[in-house]
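A quick write-up on the structure given underneath.
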Amino acid sequence: MKNIFYDFYGYNEQLFLIIHKFTNGQLQPALLIISDLFEFYNFTFNFVIASAFLAMKIKCAPKTQQQQRFELYFEKLFEIGVIYCLFILVFTLSKYSFNFQRPLCGIIDISTPIAIETIRCTSSFPSAHAVMSLFIAYCLWPYLSLVGARIFAGVIIVITGIARMSLALHFPADIFYGYLIAVICILAGRKLARSLPDMFKNICRNLCLYIIGR
């Protein structure tokens, strides 16, 4: 089964070698920076900062608009939080269940700035960085009104996948399935956020109200 759905009869490794060779060299430092932008902990930090910013917007709004703004922001942040938690669950289970080896740990003559001793070699499948790039684009999509901005977001998603292969951290299959799992998690997370018991949602709502002092 792995030979069919992951190795693609050897084409997975061959395509990786082509992409890695093409992007190897002077491009790697820039690709490393792009890749690091989509670490899971970076999203956590940015989510907290965005929540704090929105809380300030609520407090600075006229009192007649504060409740309306709170409900609007809460619904969106609650949905994003549910999807993010689903991502963490699915990707943690996947990485520690499949235990597929990363390219730089199994293929010789691979050039990468990544030190092998700093990574877990059996966490190749799927690519969490690829999924985070798509997830962040999903979060920002409603606010990207310009066509150029949306095209740029799409380009960043593709470049992130290429960066992970250039750094020899993932095979093409890891990237492809990462994007696929991301779409499934977003759709499932949106539905889950709407179907969770009101009691759970109200606890989160009251906690947010307490934090912002309302």
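Which condition from (1) free of Cβ contacts under 8 Å to residues at least 60 places away in the same chain; (2) under 21 Å from the mean Cα position of the chain (by Cα) is the one that D198 breaks?
Only one criterion in (1) free of Cβ contacts under 8 Å to residues at least 60 places away in the same chain; (2) under 21 Å from the mean Cα position of the chain (by Cα) is unmet by D198, namely (2).
Among the listed residues F38, F43, which satisfies the condition of being part of a helix (DSSP H, G or I), within 13 Å of the chain's Cα centre (by Cα) and touching a residue at least 40 places away in the same chain (Cβ under 8 Å)?
F43
Being open to solvent by 50 Å² or more (accessible area, probe 1.4 Å), under 20 Å from N12 (Cβ atoms) and of a type outside the set (S, T, Y) is the filter here, so list the residues in the stretch 107-119 that pass it.
Of everything in the stretch 107-119, those that are open to solvent by 50 Å² or more (accessible area, probe 1.4 Å), under 20 Å from N12 (Cβ atoms) and of a type outside the set (S, T, Y) turn out to be I108, D109.
Check Q101, Q14, Q67, Q26 and return the single one that is assigned to a helix (DSSP H, G or I), more than 26 Å from L209 (Cα to Cα) and open to solvent by 70 Å² or more (accessible area, probe 1.4 Å).
Only one candidate passes the filter, namely Q14.
Could you say which residue among L31, L86, L93, L77 is in a helix (DSSP H, G or I), of a type in the set (A, V, I, L, M, F, W, C) and open to solvent by 70 Å² or more (accessible area, probe 1.4 Å)?
L93
The values are calculated or read from the model by the stated rules, or taken from the named source; none is laboratory data. In this text, all values refer to a predicted model and were calculated from it rather than measured experimentally. All Cβ positions, even for glycine, are placed from backbone atoms using ideal geometry, and neighbour counts span all protein chains on display. The accessibility values were calculated without ligands, DNA or RNA, using every heavy atom of the protein model including side chains. Shrake-Rupley method; radii C 1.70, N 1.55, O 1.52, S 1.80 Å.
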